[in-house]
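Read the structure below first, then the notes.
Values quoted throughout were computed directly from the atomic coordinates according to the rules given, and no laboratory measurement underlies them. From a predicted model like this one, the values you see are computed outputs, not experimental measurements. Glycine gets a Cβ as well: all are built from the backbone with ideal geometry, and neighbour counts include every protein chain shown.
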Amino acid sequence: MCRHLAYLGPPAPVGDLLTRGPHSLRTQSWAPRDMRGGGTINADGFGVAWWSLSSESPVLSRYRNAAPVWTDPAVEEVLPQLHSSAVLAAVRSATVGMPVEREACAPFVHGRWAFSHNGSIPRWRRTLTAVASRFGSPPLLDAEALTDSAVLWVIARELLDAGESPENVLRQLVRAVIELSPNSRLNLLLGDGESVWATTWHHSLSVLVTDTFAVVASEPYDDDSRWRAIEDRRLVSVRPGHLTVLDLDAVIEEGKAFS
């Protein structure tokens, strides 16, 4: 499993988003508080993506390392020199049997999109092959790594390229995977530099939203009283000054929602 985080707001040092607060994402790599049976530490690599929004078209950049985040000097020596108003980062705990390599580390990126998956999909090869067949058989061999997260991203990005909304993409993916592999854990995190979308399915998630900034995180990085824990089986949409929470069970089964 993993821990992940997304930030939207005033330009901030990219490295700061990895180390911010007494329970930062970096700290969560060795001392997570709420893994819910999904492992104990997140020491199998990390990654961070950030958007440059100064041009007409946002430019997405990325840095990843298969080593534990606490061993990489770039976190304090290089990444703090880069500033962005939109950041998505993750630390990784590899599922048994999956490779520990740079290419397996989130965020996965495509165009303006960045993606992370906190969770696991039992029998993922069979499950995601079947899921892909439901969505036009996207090229699963294009996945960066032989992991459930990387293959799931190939399916998601094809749906995004086809014009599906982020909410619909995440809803359809969760529904398709759960129908075939009910014990899957599917906390998905998706960003485009302007908004963030996420799901909760058997893992923790919290949000901190103000008029000027918004953060989505597996665990709060500090004790700010404005953090809100998101209940299980929810789909959230976030940007500064905006938070929508949908009942994912209802959206999947009945098309109902609440905020």
When the charge dipole of the chain is computed with +1 on Lys and Arg Cβ and -1 on Asp and Glu Cβ about the Cα centre, the Cα farthest towards its positive end, among 93, 215, 13, belongs to 93
Ranking 159, 141, 190 by Cβ neighbours within 10 Å, fewest first, what do you get? 141, 159, 190
Ratio for the chain, C-alpha Rg to 2.2 N^0.38 Å, reads 0.92
Only Cα pairs within less than 10 Å get springs; with that Gaussian network setup on the chain, which residue of 222, 232, 16 has the largest fluctuation? 222
About the Cα centre, and with charges only on the beta carbon of Lys, Arg (+1) and Asp, Glu (-1), how big is the dipole of region 16-151? Nearest 20 debye, please. 520
Assuming 0.36 nm per residue, please report the length gained on full extension of the stretch residue 31 to residue 123 beyond their Cα-Cα distance. 30.3 nm
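If you place +1 on the Cβ of every Lys and Arg and -1 on the Cβ of every Asp and Glu, how big does the dipole about the Cα centre of region 2-253 come out, in debye to the nearest 20? Walk me through the numbers on the way to the answer.
Details: 23 positive and 29 negative charges, 105 e Å.
Approximately 500 debye in magnitude.
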Which residues among region 232-250 fall inside the zone where the amide N is under 16 Å from a point 7 Å beyond the Cα of residue 112, along Cα→Cβ? 238-240
If I model a spin label as a point 7 Å beyond the Cα along the Cα-Cβ vector, how far apart are those points for residue 67 and residue 179 in nm? 4.5
Cα→Cβ-extended label distance, 7 Å offset, between residue 222 and residue 133, nm: 5.1
Length released on extending from residue 59 to residue 213, taking residue separation times 0.36 nm less the Cα-Cα span: 53.4 nm
